[in-house]
Amino acid sequence: MADSTPLLYQPNSVKSESTPPPLEKHHPSLDSTIERCIGDFGWAQFLQALLVSSAWIFDAQQTFITVFTDAHPAWHCTSNQLDCNSASNICNLPKNSWAWNFPAYTSIISEWNLECATSIITGLPASSFFLGCLVGGLVLATLADSSLGRKNMLFLSCLTMSLSSFLTVFSTNIWVYSALKLVCGFCRATIGTSALVLTIELVGKRWRGQVGVIGFFCFTIGFLSLPAIAYLNRLSSWRSLYLWTSIPGILYSLLVHFFVRESPRWLLVRGRKEEAVATLKSIAPPNHSWSFSEVSFEHEMSNNGNVYSTIKMLVQKRWAFRRLLLVMVIGFGIGMVYYGMPLGLGNLSFNLYLSVTLNALSEIPSSMFTILLIGKLNRKLSVLAFTSLSGIFSIMCALKGEVWTRLQIGLELVSFFSACTAFSILLIFTIELFPTCVRNSATSLVRQAIVFGGVFSPMLVAAERGDGISSYVVFGLVIGCCGLFAVCLPETRGRTLFDTMDEEEHKEKAACNGV
């Protein structure tokens, strides 16, 4: 599984596979070796991290775009009939007695005459998107760890997601539209994971938390851009939203292909040492005097094994499987609130455009909070605290009374802020819990658990459409209970990132024995 072959020269002896992996105090880890090569954190690393993290902008846009393109448009009565008023069901009114406030092409509902269709039909595009995310996450989860690598996975995911989004413009009915949303969700499933893992693997342990949060900040920018783009195009076709978000995504994919460097960690564990050296040289400070010919790495992973060998490794190791189950349960609870809160905004007595904007804005202080304090935050206690806080305020949103009604949007924002912060910390926590050889796969599976929680959110909101606030009670209870599992995980703040399962297992046993 591992040998002691150095980067640029061959040794006279090879370490026995039965020998326990060394601790960092005896041999330098990839963390310490890479930091010696390229410094702790430089401008080249920052620019690479910024370029890679920009993928989250387009990821966020495609995730929430149906909030506006699939919205139920406002309408008004065109006659003086007594049975026509704002509280009427337009399905029971003559067609010539009412009209849309805006042109029919501003929403798929009005363009394709879906105003009287069942909630299953009108919700099919959004459901298809999340279903595609689930399937894509399971099918594509291990490719970034095995054959494709972080960079190629990011490039292909962004390109295919943007192309499928562009093709959505040519949809002729709800069925074609839903099929393309399914493809779009499938393609975007690994974008966030590949971008997050790639940025963190370019830096040392001191800065990996701060660099990782750049992606969350970019996701916020993408989320925040949607209500702005939608408002500016409120009189245009819903297709214009897809044009404004897909074409920049295609151009960005080309930038990734030509300017982003592959993770040196992944290259090394795959045995591609010359490429790893080239990557290290490209992002090293210009005046760096370290000799790359002296670099020796003790960790290398075999190229053999099928695409799902990483999943097999996660399941076979008891400690890894236990960690994976725990973080996936926590992710499920966070996902239900993270995706459910924006979907439930239509049930609050507040302007939809403004409430979506406020939710997007609440991600900014969440990202800033994580950026500034991630180096000091205890991972598992932070996840526990923010999931509990989100659960409490979500339940408070369901309280009745005139005073509570006025406070609903404020309570919802606090709950959503807490869920966003827990989301950010959980992903960084997951990356630190697993070694390089399975890190991308484990993180991807946790993201799919988060998406899986989001699948149930629209069902809850739709089931309580007449009194949607009660769905917030379910959101609060689920995230609160799921967050409790964080106490069963080991703390990882400031810990070295290991590269093989043997190293991580050795560390786990040492911790259990009190070494």
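The values are calculated or read from the model by the stated rules, or taken from the named source; none is laboratory data. What you are looking at is a predicted structure, and each value in this text was computed from that prediction instead of being measured. Backbone-built Cβ (ideal geometry, glycine too); neighbour counts: all protein chains shown. Calculation scope for accessible area: heavy atoms of the full protein, side chains included, ligands and nucleic acids excluded. Shrake-Rupley method; radii C 1.70, N 1.55, O 1.52, S 1.80 Å.
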- Note on the structure: For region 374-406 the number of residues that are more than 26 Å from the chain's Cα centre (by Cα) and of a type in the set (Ser, Thr, Tyr) is 1
- Inside region 179-189, the number of residues satisfying the requirement of being under 11 Å from Ser165 (Cα atoms) and either of a type outside the set (A, V, I, L, M) or open to solvent by 60 Å² or more (accessible area, probe 1.4 Å) (or both) is 7
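Out of everything in region 119-141 that is among the aliphatic types (A, V, I, L, M) and in contact (Cβ under 8 Å) with a residue 60 or more places away in the chain, what residue ends up being least open to solvent (accessible area, probe 1.4 Å)?
Checked region 119-141; the qualifying residue least open to solvent (accessible area, probe 1.4 Å) is Ala141.
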- Can we say Ala486 is at pLDDT 80 or above, open to solvent by less than 40 Å² (accessible area, probe 1.4 Å) and out of contact with any Ser or Thr (no Cβ under 9 Å at 6 or more places or on another chain)? no
- Of the residues Ile409, Ile392, which single one is open to solvent by 40 Å² or more (accessible area, probe 1.4 Å) and either farther than 23 Å from Val211 by Cα or among the hydrophobic types (A, V, I, L, M, F, W, C) (or both)? Ile392
- Just checking, which of Thr122, Thr193 is over 26 Å from Trp43 (Cα atoms) and of a type in the set (S, T, N, Q)? Thr122
- Query: Out of curiosity, is Glu111 in contact with a strand residue (DSSP E or B) (Cβ under 9 Å, 6 or more places away or on another chain) and either surrounded by fewer than 22 Cβ atoms within 10 Å (Cβ to Cβ) or not acidic (Asp, Glu) (or both)?
  - Reply: no
- Message: Among the residues of region 245-262, are any under 19 Å from Lys151 (Cα atoms), among the acidic types (Asp, Glu) and either modelled with pLDDT under 90 or within 22 Å of the chain's Cα centre (by Cα) (or both)?
- Response: yes
- Task: Can you give me the number of residues within region 94-121 that are hydrophobic (A, V, I, L, M, F, W, C) and modelled with pLDDT under 80?
- Result: 2
- Note on the structure: For region 367-379 the number of residues that are closer than 20 Å to Leu413 by Cα and at pLDDT 85 or above is 1
- Message: I'm told Phe417 meets every condition in (1) closer than 25 Å to Phe217 by Cβ; (2) at pLDDT 75 or above; (3) open to solvent by less than 30 Å² (accessible area, probe 1.4 Å) except one. Can you identify the failing condition by its number?
- Response: (3)
- Query: at pLDDT 95 or above, open to solvent by less than 40 Å² (accessible area, probe 1.4 Å) and either out of contact with any Ser or Thr (no Cβ under 6 Å at 6 or more places or on another chain) or small (Gly, Ala, Ser) (or both), is that true of Ser162?
  - Reply: yes
- Item | Candidates Val403, Val327 - the one that is in contact with a helix residue (DSSP H, G or I) (Cβ under 8 Å, 6 or more places away or on another chain) and either surrounded by 17 or more Cβ atoms within 10 Å (Cβ to Cβ) or at pLDDT below 85 (or both) | Val327
- From the list Lys380, Lys400, which one is without any contact (Cβ under 8 Å) to a residue 12 or more places away in the chain and not hydroxyl-bearing (Ser, Thr, Tyr)? Lys400
- Filtering helices (runs of 4 or more DSSP H) wholly in region 67-145 for at least 2 residues that are small (Gly, Ala, Ser) and within 30 Å of Leu267 (Cβ to Cβ) gives 124-140
- Note on the structure: Subset of region 463-479, residues open to solvent by less than 20 Å² (accessible area, probe 1.4 Å) and either modelled with pLDDT of 90 or more or outside any helix (DSSP H, G or I) (or both), comes to Phe475, Gly476, Ile479
- Task: Test Leu235 against the stated conditions and say whether it is over 13 Å from Ala55 (Cα atoms), open to solvent by less than 50 Å² (accessible area, probe 1.4 Å) and in contact with a helix residue (DSSP H, G or I) (Cβ under 9 Å, 6 or more places away or on another chain).
- Result: no
